[in-house]
Amino acid sequence: MRRLTLLFWTLALVGAVGCPTTQAPEGDANTAVTRIGIYDSRAIAVAFIGSEVYTAAEGEALAEKTAEFENAEAARDHEKLAELKAREETQRALRQAQGFSTAPVDDILEYIAAQLPGIKKEANVELVVSKWDDETLSAYTSAERVDVTMRLVEAFRPNEKQRQSAIEIQEVKPVPLRRIRTH
């Protein structure tokens with residue numbers, strides 16, 4: 001049961017908190033931004049789960065969530081267990097949509113927010129946007145697009161298996177978001 005509990009909470013993470021990656025510089029969008037860094041959000045999600053950054057950031061929270069689940073289970077608090085399971089299911093669905101579809105990963109990028117200015121500078125881009133974010137990208141039609149996916153992936157310090165998975169997921173067409181959300 002303990003193993004299932006750990007798996008249960010491994011999949012459950014903090015919800016979206018937003019990230020400044022798509023904040024536009026001042027001025028007219030089409031003239032102010034000349035280069036945009038784009039990334040495949042699925043590769044970011046794959047690289048994050050289980051990475052050093054994930055382990056460091058989520059380790060304590062995971063221990064607290066596991067204890068909360070075990071306490072509710074021991075107290076036979078069915079209402080609390082149902083609440084915790086619903087929260088986990090929401091997080092699992094979010095991570096599934098991020099890893100296999102085109103759901104935003106702003107909450108994940110928040111973990112490397114301090115590194116984003118350096119990544120932008122290294123890639124000589126003014127903005128970093130998911131390649132699936134058509135709304136934002138349509139505001140910058142004249143900007144050159146530079147793929148920064150692997151730079152972002154490396155910021156999570158993934159192991160070799162995660163790195164390879166992040167590379168491979170980019171070669172596969174994403175599952176339509178509407179299909180992920182209905183299952």
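In the range 21-61, which residue that is assigned to a loop (DSSP other than H, G, I, E, B), of a type in the set (S, T, N, Q) and within 21 Å of the chain's Cα centre (by Cα) is modelled with the lowest pLDDT? That would be Q23. Scanning the range 132-146 for residues that are farther than 17 Å from S101 by Cβ and either loosely packed, with under 10 Cβ neighbours inside 10 Å or hydrophobic (A, V, I, L, M, F, W, C) (or both) yields L137, S138, A139, T141, S142, A143, V146.
All of (1) touching a residue at least 60 places away in the same chain (Cβ under 8 Å); (2) out of contact with any strand residue (DSSP E or B) (no Cβ under 9 Å at 6 or more places or on another chain); (3) of a type in the set (S, T, N, Q) hold for S138 with one exception: (1).
When the test is whether a residue is under 17 Å from G50 (Cβ atoms) and assigned to a helix (DSSP H, G or I), R95 passes it. All conditions but one from (1) within 20 Å of V146 (Cβ to Cβ); (2) buried (at least 19 other Cβ atoms within 10 Å of the Cβ) apply to A97; the one that does not is (1). Does the range 62-70 contain at least one residue that is in a helix (DSSP H, G or I), out of contact with any Gly (no Cβ under 9 Å at 6 or more places or on another chain), among the aliphatic types (A, V, I, L, M) and modelled with pLDDT under 85? Checked the range 62-70: at least one residue is in a helix (DSSP H, G or I), out of contact with any Gly (no Cβ under 9 Å at 6 or more places or on another chain), among the aliphatic types (A, V, I, L, M) and modelled with pLDDT under 85. Let me confirm something: among E89, E83, which residue is under 17 Å from the mean Cα position of the chain (by Cα), at pLDDT 85 or above, more than 24 Å from R157 (Cα to Cα) and part of a helix (DSSP H, G or I)? Of the residues listed, the single one that is under 17 Å from the mean Cα position of the chain (by Cα), at pLDDT 85 or above, more than 24 Å from R157 (Cα to Cα) and part of a helix (DSSP H, G or I) is E89.
Within the range 130-183, the set of residues being of a type in the set (A, V, I, L, M, F, W, C) and within 16 Å of V33 (Cβ to Cβ) comprises L137, A139, A143, V146, V148.
Identify the residue in the range 100-131 that is small (G, A, S) and surrounded by fewer than 20 Cβ atoms within 10 Å (Cβ to Cβ) and, among all such residues, is nearest to I169 (Cα to Cα). Within the range 100-131, the match that is nearest to I169 (Cα to Cα) is S101.
Taking the range 40-87 as the search range and keeping residues that are among the basic types (K, R) and more than 30 Å from D133 (Cα to Cα), which one is surrounded by the fewest Cβ atoms within 10 Å (Cβ to Cβ)? Looking at the filtered set, the residue picked out is R76. Can we say E160 is surrounded by fewer than 19 Cβ atoms within 10 Å (Cβ to Cβ), among the acidic types (D, E) and without any contact (Cβ under 8 Å) to a residue 24 or more places away in the chain? For E160, the condition - surrounded by fewer than 19 Cβ atoms within 10 Å (Cβ to Cβ), among the acidic types (D, E) and without any contact (Cβ under 8 Å) to a residue 24 or more places away in the chain - is met.
The values are calculated or read from the model by the stated rules, or taken from the named source; none is laboratory data. All figures in this text were calculated on a predicted structure; none of them were measured in a lab. Reconstructed Cβ throughout: ideal geometry from the backbone, glycine too, with neighbour counts over all protein chains shown.
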